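To start, the structure under review is shown below, and the notes come after it.
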Amino acid sequence: MTKLDLSKVPLKTGSIYPSPYAEMMAGRSSLRLGDAGGLTQFGVNMVILQPGALSSLRHWHMAEDEFVMVTQGECVLVQDAGETVMQAGDCVAFPANVPDGHHFINRSGAEARFLVVGSKAKREVATYSDVDLVLTVEAGQATYTYKDGTKWEGPR
């Protein structure tokens, strides 16, 4: 494999979240670096947050470990226990099946970037801490339910 040419890696914008949560991800984009390099056992993404943007809804993963390293700018890590300012070089790890919802917010006036490395479980469940939503991904198919397991049909 040769060096990845980042200018040729497609920029992914938008969200797989259902409305109205998808609209909350405006200003967030990512480069799927692991996919571009042909990796299959773990994911590597460069997430780009414009000023004011969220990385995701606050969530935690049942089956996947997740590691984040800020590479540019400053963002705020929001977890159950509170907020932590993260700057270039700062890292955080989220072990699988630890129900501590997290996400990042760019409250600065400049673009922020962070590298996310995560395992690719065959079946993954992400639970969203602040809304009644659970995502299950199996065989590449995403389905949403409420936390009680019933089919998601919109915010309650």
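The values are calculated or read from the model by the stated rules, or taken from the named source; none is laboratory data. Owing to the predicted nature of the structure, the values given are computational and were not obtained by experimental measurement. Note: ideal-geometry Cβ built from the backbone for every residue, glycine included; neighbour counts use all protein chains shown.
Looking at E111, E124, which is the one that is touching an Asp or Glu at 6+ places or on another chain (Cβ under 6 Å) and touching a residue at least 60 places away in the same chain (Cβ under 8 Å)?
Being touching an Asp or Glu at 6+ places or on another chain (Cβ under 6 Å) and touching a residue at least 60 places away in the same chain (Cβ under 8 Å) holds for just one of E111, E124, which is E124.
From K120, K151, grab the single residue that is over 17 Å from I48 (Cα atoms), in contact with a strand residue (DSSP E or B) (Cβ under 7 Å, 6 or more places away or on another chain) and modelled with pLDDT under 95.
Exactly one residue qualifies, and that residue is K120.
If the Cβ limit is 6 Å and pairs must be 6+ apart or interchain, which residue in segment 135-156 that is under 18 Å from G101 (Cα atoms) pairs with which residue that is aromatic (F, W, Y)?
Here the result reads L135/Y144; Y144/W152; T145/W152; Y146/W152, each pair linking segment 135-156 to a residue that is aromatic (F, W, Y).
Is it fair to say P99 is at pLDDT below 95, of a type outside the set (D, E, K, R), within 29 Å of E153 (Cα to Cα) and surrounded by fewer than 16 Cβ atoms within 10 Å (Cβ to Cβ)?
no
Counting residues that are without any contact (Cβ under 8 Å) to a residue 60 or more places away in the chain, which strands (runs of 3 or more DSSP E) fully inside segment 8-104 reach at least 3?
Ranges flagged: 11-13, 28-32, 66-72, 74-79, 82-87, 91-94.
How many residues, within segment 55-71, are surrounded by 19 or more Cβ atoms within 10 Å (Cβ to Cβ), closer than 15 Å to M86 by Cα and out of contact with any Asp or Glu (no Cβ under 7 Å at 6 or more places or on another chain)?
2
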